[in-house]
Amino acid sequence: MITLAKPLPWMKKFRPRWLTQGVWTVLSLLLAVGVWEGIVRLAHLPPFILPSPGQVGRRLGLAIADGSLARHTLTTLQEVGIGLLIGVVLATFLGYLLARSPLLERLIGPYLVASQAIPTVAIAPLLVIWFGPGMLSKVLICALIVFFPVLVNTVVGVRAVPRDLRALMHTLRATRWQTLRYLEIPASLPLFLGGLRIGATLSVIGAVVGELVGSNRGLGFLINVGRGQYDTALVFVATFTLMTLALVLYGLVLLLEWRLLRWQGSPRDHH
Amino acid sequence: MSVATAPALDVVHLSVNFENGSSELQALEDVTFQVWPQEFVCLLGPSGSGKSTLLRVLAGLVPPTQGEIRFAGGQPPRIGYVFQQANLMPWRTVLENIMLPLELQGVPPEEARRQAQAWVERVGLSGFESAWPRDLSGGMAQRVAMARALIHDPDLLLLDEPFGALDALTRERMGSELLALWQAQRKTVLMVTHSISEALLLADRVLVFSPRPGRVSLDMPVPLPRPRSDELRYTLDFIHLARELRQAIG
Ligand SMILES: Nc1ncnc2c1ncn2[C@@H]1O[C@H](COP(=O)(O)OP(=O)(O)O)[C@@H](O)[C@H]1O
Ligand SMILES: [Mg+2]
């Protein structure tokens, strides 16, 4: 699966150009499917090596019809959703405290720096060992994965609140709560959402890795099933569903950014 | 400037030290002066002479190391503060920036909006209510800052080189506009400036600060008649006062 570090140009903004962009995207997809079909036919590949687009399509229909795709997708979606919620809430809370308290920063800061070096995905097997093959271990993986980017970006965001705006709030005798609401939250929102955008996509990977390691439900499990039965078309169906899931999540965060950060102007305006 | 009333502001033997690691830096030393209600006072002095520090102490942003500040009525006054950079919130429109002080005071949003709209017009920004700060010129942004500093009817207006970042022409125009606003509102004003002619056009009194540690080296009334216009610059009285100030600054 592809992780997008930066928004693709066509996702950035819903503009008139969007329509032509959309046409091009569809064309490029059709082209890819054509090439795929061509390879299968010319190389005479057996379906368990590379199923044709048609076979994958039929398998998709089957998985939709018997409800298995919806069931497993829902499981993964739940794991990611609950994990994101827990991870983001904890990271935002702790991030704010860290940014505002030099003492806490000195105590916990070194661990945060070190934690940046942990490949969080590699912890997935550990969490499955500790918390079992059920949903809990995947929820924890997702929470953990989204935790660090959001935490770090929240700290940086709150730190970056302009000194003079703080002074302004002080001269206006703003309460602590008002400073949070009128200054700190809006000022750190761009960085916060940036962290969320990275974390949300990564957390889908986390959930799937967890499911691949050990589970009895979810899209990762579906991939395992397909692999075990040489049902490669099913592996494709599950993989495409995962990509869609990650892209939708990513798009939702972009939409949120677009709604909340209109004051920044579209990235295109700066060029 | 009637002598019968109590001063709006009484600064008594004020000293401010900053600790920079091991060493100490004295920014202000034994500063004493008074400001009368509705008086317009300009602060002149070389950079580093503690003018910004003085404003920050008056605004309660920096604690005095020694001495004290007495305000009329014994209470810290309501403050309007304008910084050298407009210091607007980039996520708020022009109107929303101007209404911020009212929101913080708990004024209902509708009422706050109505008053902010009046200020938009007063500072000549009609049509720009919903513009974002990033789309404003330096002069427009500073007008927004001025409206924001005045909307909550402050007792004391503190201006720290408010036109310092503007080009000369905009600067002159903003000076006249400020004069008109002050003529109408009659706030007590302390304004830091580097421009002698700006000080003479605006102020009732000019305080000159010595190089660090800052002390008041000259406390000069400006006896030029009001209302004042730009033409004043070319009069003999004006030029004499300007020379006196120039010599005091050194
Ligand atoms: N928060 C601070 N910490 C340490 N030193 C400061 C601080 N604020 C100002 N200073 C120092 O105090 C002196 C006076 O600064 P300032 O009041 O900004 O002067 P001015 O506004 O007249 O140029 C300067 O030497 C400056 O470096
Ligand atoms: Mg200064």
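For the reader, a short list of remarks on this structure follows.
- Being within 16 Å of ligand 1 (Cβ to nearest atom), hydrophobic (A, V, I, L, M, F, W, C) and within 14 Å of another protein chain (Cβ to nearest Cβ) holds for only one residue in B:LEU190, B:LEU218, and it is B:LEU190.
- Here B:TRP36 fulfils each of the conditions (1) among the aromatic types (Phe, Trp, Tyr); (2) within 16 Å of ligand 2 (Cβ to nearest atom); (3) away from chain A (no Cβ under 14 Å) apart from (2).
- All positions within the range B:43-58 that are under 26 Å from B:ALA242 (Cβ atoms) and more than 10 Å from ligand 2 (Cβ to nearest atom): B:LEU44, B:PRO46
- Residue within the range B:195-202 that is away from ligand 1 (no atom under 16 Å from the Cβ), closer than 19 Å to B:VAL31 by Cβ and within 16 Å of the chain's Cα centre (by Cα) present: no
- For B:LEU61, the test of being within 16 Å of ligand 2 (Cβ to nearest atom), within 12 Å of chain A (Cβ to nearest Cβ) and under 21 Å from A:LEU180 (Cα atoms) is passed.
- Identity of the residue in the range B:72-81, buried (at least 18 other Cβ atoms within 10 Å of the Cβ) and more than 10 Å from chain A (Cβ to nearest Cβ), that ends up modelled with the highest pLDDT: B:PRO77
- In the range B:3-55, the residues that are within 15 Å of ligand 1 (Cβ to nearest atom), crowded, with 17+ Cβ neighbours inside 10 Å and in a loop (DSSP other than H, G, I, E, B): B:GLY45, B:SER49, B:GLY50
- Test: residue in the range B:103-125 that is within 11 Å of chain A (Cβ to nearest Cβ) and either in contact with a Pro (Cβ under 9 Å, 6 or more places away or on another chain) or within 16 Å of ligand 1 (Cβ to nearest atom) (or both): yes
- The residue list B:ARG134, B:ARG173, B:ARG143, B:ARG212 contains one member that is touching a Gly at 6+ places or on another chain (Cβ under 6 Å), of a type outside the set (Ser, Thr, Tyr) and over 19 Å from B:VAL35 (Cα atoms), which is B:ARG212.
- In the range B:56-70, the residues that are more than 11 Å from ligand 1 (Cβ to nearest atom), buried (at least 18 other Cβ atoms within 10 Å of the Cβ) and not in a loop (DSSP other than H, G, I, E, B): B:LEU58
- Of the residues contained in the range A:210-221, one or more are found to be in contact with a Phe, Trp or Tyr (Cβ under 6 Å, 6 or more places away or on another chain), at pLDDT below 95 and either closer than 24 Å to A:MET135 by Cβ or not in a helix (DSSP H, G or I) (or both).
- Checking every residue in the range A:163-171 against the condition of being without any contact (Cβ under 8 Å) to a residue 24 or more places away in the chain and assigned to a loop (DSSP other than H, G, I, E, B) gives zero matches.
- Among the residues of the range A:172-188, those that are touching a helix residue (DSSP H, G or I) at 6+ places or on another chain (Cβ under 6 Å), assigned to a helix (DSSP H, G or I) and at the interface with chain B (Cβ under 8 Å from one of its Cβ atoms) comprise A:GLN178, A:LEU183.
- Test: B:ASN97 is within 13 Å of chain A (Cβ to nearest Cβ), touching a helix residue (DSSP H, G or I) at 6+ places or on another chain (Cβ under 6 Å), surrounded by 16 or more Cβ atoms within 10 Å (Cβ to Cβ) and at positive phi: no
- Residue identified as crowded, with 20+ Cβ neighbours inside 10 Å and either of a type in the set (Asp, Glu) or within 21 Å of the chain's Cα centre (by Cα) (or both) among A:LEU249, A:LEU261: A:LEU249
- Residue count for the range B:71-85, restricted to those that are assigned to a loop (DSSP other than H, G, I, E, B) and within 16 Å of ligand 2 (Cβ to nearest atom): 3
- Test: residue in the range B:88-106 that is at pLDDT below 95 and touching a Phe, Trp or Tyr at 6+ places or on another chain (Cβ under 6 Å): no
- Of all residues in the range A:160-171 being within 11 Å of chain B (Cβ to nearest Cβ) and under 30 Å from the mean Cα position of the chain (by Cα), the one that is nearest to A:ALA91 (Cα to Cα): A:VAL161
- Condition check for B:GLY50 on (1) more than 14 Å from chain A (Cβ to nearest Cβ); (2) small (Gly, Ala, Ser); (3) touching a helix residue (DSSP H, G or I) at 6+ places or on another chain (Cβ under 7 Å): one failure, at (3).
- Any chance B:ALA131 is surrounded by 15 or more Cβ atoms within 10 Å (Cβ to Cβ), closer than 20 Å to B:ALA180 by Cα and either of a type in the set (Lys, Arg) or modelled with pLDDT of 95 or more (or both): no
The values are calculated or read from the model by the stated rules, or taken from the named source; none is laboratory data. None of the values given here were measured: they were computed from a predicted structure. Because the Cβ atoms are built from the backbone with ideal geometry, glycine has one as well, and the counts that use them run over all protein chains shown.
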